[in-house]
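Notes follow once the structure below has been shown.
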Amino acid sequence: MRFFAQRVAIILERFAVDCANVITDNDLHSGSKGAAGARHLILPTLEAFAADTEWKVIAADLMDRALSIPSELALADQAISFWWDVVGDQD
């Protein structure tokens, strides 16, 4: 179980770092009025969990939470896209 938990933790930590980098890049772009950084309109990609992951070894609520993350990210991407379409570049 420890090996499985470590694999999932590494994937989630990498995703968190990628999200932080996107936020920083967006802030830099906004603060420099487009002279630096870049505008990101979608979330970073979450690396897929390995196909051989033994989901049965963890509690059902944790398994459910981990496996629902991709769906939650898809919903967040849709919300970002909708917001951008409606509000655009307004502060």
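Readers should treat all values here as calculations from the given coordinates under stated rules, not as data from a laboratory. These figures come from a predicted structure and were not determined experimentally. Neighbour counts run over all protein chains shown; Cβ positions are idealised from the backbone, glycine included.
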* **Sorted by Cβ density within 10 Å, fewest first, the residues 1, 63** => 1, 63
* To do: Could you give the C-alpha radius of gyration of region 2-87 expressed as a fraction of 2.2 N^0.38 Å, taking N as the number of residues it contains?
  => 1.35
* Lys/Arg +1, Asp/Glu -1 at C-beta; the chain dipole; positive extreme among 70, 81, 49 -> 49
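Counting pairs of alpha carbon atoms under 8 Å apart in space and at least six apart in sequence, what relative contact order in percent does the chain give?
Values: 47 pairs, mean separation 25.0, N = 91.
About 27 percent, as a whole number.
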* With Cα atoms, 0 to 90° folded angle of helix 60-87 axis to the chain main axis -> 10 degrees
* Asked: Looking only at 79, 20, 35, which one moves most when the chain is put into a Gaussian network model with springs between Cα atoms under 10 Å?
  -> 35
